[in-house]
Amino acid sequence: MPSTSVPGPSMPVRPGFVAVYMAAQVGAYIAFIPLLTLILPLKVEAIDPAARTQILSEVAFWGALTAGIASVLAGLIGDRTRHWPGGRSVWIVAGLVGTVVSYGFIHAAVTQADLLTAIVMLQVSLNFMLNPLTATLPERVPAHQRGVVAGFIGLAYPISNLFGALAIGMWLTGEALRLTTVVVVTVVMVIPFVVTTLRAAPMSQAMRQRGLSLTALADRDFLIAFASRLLVQTAVALNVLYLLFFLDKQTDFQTVLPGVRIEAAFGGLLAISTVLAVIAGLVGGRVSDRIGRRRVLVSGGATLVAMGALLMGLAPSWPGPLIAQAVLGLGIGLYGITDAVLIAEVLPDPANAGRDLGLLNVAVTAAQMLAPLVGLIALTSFEGDLRSVYLVGALFAFIGGSGVLGIRRVR
């Protein structure tokens with residue numbers, strides 16, 4: 001029978017550990033969030049402006065497919081090599097090096113094939129860096145601290161969005177400078193965590209005997225959490241993937257804000273959304289620990305995501321996108337933090353936390369794969385109207401948020 005909880009360690013983690021852990025998560029997210037939200041769409045437009053939407057969708061699809069496979073492999077390998085000197089930190093370093101190299105190939109890309117190859121390399125590297133970081137929460141943080149710690153590490157997404165909005169979108173210009181900045185910041189923020197955790201936790205004999213397995217998906221609560229995360233993250237991915245082109249084609253911001261670069265408008269919206277996400281995340285993590293109810297907060301965050309996406313689709317004229325992105329920010333912040341806590345407590349087999357977290361991370365990467373497919377279908381069905389993408393996203397988020405209420409093992 002599956003375990004009903006993830007006991008994890010009993011010794012509280014110190015503030016210093018939380019600080020370097022949070023920094024590493026932020027650095028890892030900076031390695032891909034600014035790329036997916038702004039750098040990649042701009043790169044695609046530079047390669048072929050006429051086919052930008054199709055190329056963006058195709059590159060995002062194949063990159064996400066690669067990420068899904070890499071996430072499972074990274075979890076499996078990480079579990080089986082925890083007893084090695086350095087433990088999971090070895091794979092964080094390997095992923096970090098691969099990420100740096102991949103960014104060089106992205107800068108050098110001049111064709112769609114070049115760009116696709118570079119993105120595939122990046123996704124493999126990122127997942128070997130991200131999976132060990134994700135596995136740290138259930139393996140090193142005791143249950144009574146997970147909400148607070150998840151509240152801090154869950155800030156990685158909004159902070160990386162803010163970095164992309166301000167540094168990449170508004171302050172820096174030129175592809176080379178933007179890519180170099182992303183690489184340098186990622187390395188500086190991840191390395192301290194690696195140094196802190198070089199000593200690997202011992203691996204039990206039972207864990208050493210485990211292999212690749214999808215048995216976690218047979219657990220009802222795990223499967224619901226997987227499906228819910230897939231749907232909500234697809235809605236989030238749709239917003240991120242098409243926002244730049246939505247502003248350019250679907251809104252009247254250039255009339256309302258004449259002379260403002262589209263990157264700056266994009267950055268401004270993300271900055272507002274991110275500040276609200278940070279506030280919602282911090283409050284959500286603390287409330288989650290205080291009341292001990294994870295499901296209702298996760299569902300509430302997803303519902304806000306749905307409302308924001310619905311506003312984007314129904315009110316594209318200014319200030320509709322501004323209000324919509326603010327609501328989306330609140331939803332993403334609340335959902336991201338509380339979902340991380342719920343996931344840590346719904347794992348069916350604590351001895352294979354990394355492997356099972358790898359499966360759950362497939363829901364995120366699969367969402368990145370599903371989003372461009374959904375986007376292409378919606379755009380084809382509605383003659384290129386980007387509002388349809390957001391309306392579909394609203395439906396996905398609502399269904400995903402409602403589904404999580406069916407989990408039984410976590411309150």
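Can you tell me which residue in the stretch 154-203 is farthest from Leu269 (Cα to Cα), limited to those that are modelled with pLDDT under 80, surrounded by 15 or more Cβ atoms within 10 Å (Cβ to Cβ) and touching a Lys or Arg at 6+ places or on another chain (Cβ under 8 Å)?
Among those that are modelled with pLDDT under 80, surrounded by 15 or more Cβ atoms within 10 Å (Cβ to Cβ) and touching a Lys or Arg at 6+ places or on another chain (Cβ under 8 Å), it is Met203.
State yes or no: is Gly68 surrounded by fewer than 24 Cβ atoms within 10 Å (Cβ to Cβ) and under 30 Å from Leu386 (Cβ atoms)?
yes
Restrict the check to the stretch 355-363 and report whether at least one residue is modelled with pLDDT of 75 or more and part of a helix (DSSP H, G or I).
The answer is yes; a qualifying residue exists.
Restricting to the stretch 37-59, name every residue that is aliphatic (A, V, I, L, M) and at pLDDT 85 or above.
Within the stretch 37-59, Leu38, Ile39, Leu40, Leu42, Val44, Ala46, Ile47, Ile55, Leu56, Val59 meet the criteria.
Tell me the residue from Ser273, Ser288 that is over 28 Å from Val374 (Cα atoms) and touching a helix residue (DSSP H, G or I) at 6+ places or on another chain (Cβ under 7 Å), please.
Ser288
In this structure, does Gly393 turn out to be at pLDDT 85 or above, crowded, with 24+ Cβ neighbours inside 10 Å and either aromatic (Phe, Trp, Tyr) or under 23 Å from Ile343 (Cβ atoms) (or both)?
yes
Being at pLDDT below 85 and in contact with a helix residue (DSSP H, G or I) (Cβ under 7 Å, 6 or more places away or on another chain) is the filter here; which residues of the stretch 84-123 pass it?
Passing the criteria: Trp84, Arg88, Ser89.
Identify the single condition in (1) surrounded by fewer than 19 Cβ atoms within 10 Å (Cβ to Cβ); (2) under 19 Å from the mean Cα position of the chain (by Cα); (3) at pLDDT 90 or above that Leu373 does not satisfy, given that it satisfies every other one.
Of (1) surrounded by fewer than 19 Cβ atoms within 10 Å (Cβ to Cβ); (2) under 19 Å from the mean Cα position of the chain (by Cα); (3) at pLDDT 90 or above, only one is false for Leu373: (3).
Of all residues in the stretch 270-291, how many are closer than 25 Å to Leu379 by Cα and surrounded by fewer than 22 Cβ atoms within 10 Å (Cβ to Cβ)?
Going through the stretch 270-291 one residue at a time, the tally reaches 0.
Criterion first (assigned to a helix (DSSP H, G or I), surrounded by 23 or more Cβ atoms within 10 Å (Cβ to Cβ) and modelled with pLDDT under 85) does Ala367 satisfy it?
It is true that Ala367 is assigned to a helix (DSSP H, G or I), surrounded by 23 or more Cβ atoms within 10 Å (Cβ to Cβ) and modelled with pLDDT under 85.
Answer yes or no as to whether Ala206 is modelled with pLDDT under 85, exposed (fewer than 15 other Cβ atoms within 10 Å of the Cβ), out of contact with any Ser or Thr (no Cβ under 9 Å at 6 or more places or on another chain) and assigned to a helix (DSSP H, G or I).
Yes, satisfied.
Report those helices (runs of 4 or more DSSP H) wholly inside the stretch 249-317 carrying at least 1 residues which are at pLDDT 80 or above.
Passing ranges, in order: 262-291, 295-314.
Looking at Gly68, is it assigned to a helix (DSSP H, G or I), at pLDDT below 80 and within 30 Å of Glu175 (Cβ to Cβ)?
yes
With the condition kept exactly as written, say whether any residue in the stretch 136-143 is closer than 21 Å to Pro34 by Cβ, buried (at least 20 other Cβ atoms within 10 Å of the Cβ) and either among the polar types (S, T, N, Q) or touching a residue at least 40 places away in the same chain (Cβ under 8 Å) (or both).
no
Determine, yes or no, whether Arg294 is surrounded by 17 or more Cβ atoms within 10 Å (Cβ to Cβ), more than 20 Å from Leu38 (Cα to Cα) and of a type in the set (Lys, Arg).
Yes.
The values are calculated or read from the model by the stated rules, or taken from the named source; none is laboratory data. Only a predicted model underlies this, so the values are computations on that prediction, with no experimental measurement involved. So basically every Cβ, Gly included, is an ideal-geometry build from the backbone, and we count neighbours across all protein chains shown.
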